[in-house]
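Throughout, read-outs are computed from the coordinates displayed, never taken from laboratory work. Bear in mind the structure is a predicted one, so any value in this text is a computation, not a measurement. Here the Cβ positions follow ideal geometry from the backbone for every residue, glycine too, while neighbour counts run over all protein chains shown.
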Amino acid sequence: MQTAVLDLVRRAYPIYNDGPGILGGDYEDFYAELFHPDAEIIVPQIYPDMEAVYVGVEGLRRQRTHMEEIWDDLRWDPERFIEADGAILVLLTLSGVAKQSRAPVSAQVAHLYSLHDGRVSRLEVYLDRAEAFAAAGLAE
């Protein structure tokens, strides 16, 4: 079952990189397949003007709206997918251009997907990969 979710997580990244499509509702069926209706997204609190937790598909859309307000050319480029017990850890590069300063930004980050009943129940964004490995119960 986890392998099926891993396949969905792999397919998610090209979708994540289509901000206009997400905001336009093009991927509602995909999100419903991947995420529990009450799934949570936890983002680093260093992100400006962001909520601590986003819940459900509407929360996912709101989180993306906030990211689109902050960044231009926002991309998530996965490097490695790691299966853990009840979770999937994705190592990736986040890149974009800050709208206010016009400064390009690139960072190696991690996404930790917690799984329940064959879907994602929680997605946590980590700016520190070591913290993500620890949260997943994995050694780097």
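For the chain, the Cβ-based charge dipole about the Cα centre amounts to some 260 debye (Lys, Arg positive; Asp, Glu negative; other atoms uncharged). For the pair Gln108 and Asp7, a Förster radius of 30 Å applied to the C-beta separation gives a FRET efficiency near 0.80, rounded to the nearest 0.05. Given a Förster radius of 41 Å and the C-beta distance between Gln100 and Asp128 as r, what FRET efficiency does 1/(1 + (r/R0)^6) yield to the nearest 0.05? Efficiency for this residue pair is about 0.95. Spin-label pair Glu140-Glu33: with each label point 7 Å from Cα along the Cα-Cβ axis, the two points sit 3.6 nm from one another.
Each Lys or Arg adds one and each Asp or Glu takes one away; over the other residues whose Cβ falls under 15 Å from the Cβ of Pro20, this sums to -4. Once the Kirkwood radius over Cα pairs is known for the stretch 2-136, the Stokes-Einstein relation at 25 °C and 0.890 mPa s delivers a diffusion coefficient of 164 µm²/s.
The stretch 67-94 and the stretch 4-50 have Cα centres spaced 10 Å apart.
Within the shell defined by Cβ-Cβ distances under 14 Å, the residues around Ile88 carry a net charge of 0, with Lys and Arg each +1 and Asp and Glu each -1. Note: relative contact order over the chain, using C-alpha pairs below 8 Å and six or more positions apart, is 22 percent.
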